[in-house]
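The values are calculated or read from the model by the stated rules, or taken from the named source; none is laboratory data. The model shown is predicted, which means the values in this text are computed figures rather than measured ones. For neighbour counting, all protein chains shown are included, and Cβ atoms are generated from backbone atoms with ideal geometry for every residue, glycine included. Side chains are part of the model used for accessible areas, which takes the heavy atoms of the whole protein and leaves out ligands, DNA and RNA. Shrake-Rupley method; radii C 1.70, N 1.55, O 1.52, S 1.80 Å.
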Amino acid sequence: MPNSIKILSATLEVLADFWRDQAILAVPDKSWNPQAVAQANGVTLPDDFVALYTCSNGMNLSLERSQSTDKAGFYSLSVEELRTEQRELVVDSMSGTETIITSVTPFFDYMHWSWQYAFIPNPTGDGYQIGIMSTDTSFKVITSSLATFLSLYMENAQVLYDYSRPWPR
């Protein structure tokens, strides 16, 4: 098993515990095909996102919860809620800022759509980039790893709130 898959598997186990502690149900379902459901909505999931949605189809909130988000105001979308759109984005990364037309798929939101976290195809053609979208046309790259994004999320890391400051140059 490659190291990146081991890291993602361990991260998904920690995520399940993190959500259970908040009365969010992380219900694994190995019998369904999240990729098929996503593709019915025009979304192609990277392999590690398939693993995420196999472990839990977004935030399944228990009946005793009065909130529709986690304790910090985040919400993980279910596969059925995912949509991919073509957009012109101003992408800000460590490499600089550029305007591109690309497909974008939001998969997490903060404070009922105050801003979104989404993935776009990596410009080099392999993989993807995950970023914060404070507007429909801005994308600030955070990472190219779902495991890293989920770890930052569980840590409630400051980078998840840093949507406007440019990268240090």
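Here are a few things to note about the model shown:
- Using C-alpha pairs below 8 Å separated by at least 6 residues, the relative contact order for segment 80-143 is 29 percent.
- Sparsely packed loop sites in segment 1-62 (the chymotrypsin sites (Phe, Trp or Tyr not before Pro) outside DSSP H, G, I, E and B with at most 13 other Cβ atoms within 10 Å) comprise 32.
- Local charge for residue 72 was computed over the other residues whose Cβ lies under 13 Å away, with Lys and Arg +1 and Asp and Glu -1, and equals -3.
- Estimated dipole of segment 11-107 in Debye, rounded to 20 [Cβ of Lys and Arg +1, of Asp and Glu -1, Cα centre]: 200
- Working note: 222 nm ellipticity from helices only, DSSP H runs with n ≥ 4, each -39,500 (n - 2.57), summed and divided by the residues of the chain, gives -8000 deg cm²/dmol to the nearest 500.
- Signed unit charges on C-beta, dipole axis of segment 1-110, positive-most listed residue 86, 76, 3: 3
- Ordering 20, 87 by accessible surface, largest first, gives 20, 87; the 1.4 Å probe counts only protein heavy atoms, with every chain in place.
- In percent, rounded to a whole number, the relative contact order of the chain is 18, using alpha-carbon pairs under 8 Å and six or more apart.
- This structure gives volume of the Cα convex hull per residue in Å³, computed directly, and of (1) 121; (2) 162; (3) 153 that value is listed as (1).
- Using C-alpha pairs below 8 Å separated by at least 6 residues, the relative contact order for segment 108-163 is 23 percent.
- The residues of segment 31-169 present an accessible area of 49 Å² per residue when probed at 1.4 Å with all protein chains retained.
- Positive-pole candidate from 15, 151, 26, dipole of the chain, charges at beta carbon: 151
- Partner lysines for residue 30 [C-alpha distance under 19 Å; skip if fewer than 8 residues away on the same chain]: 6
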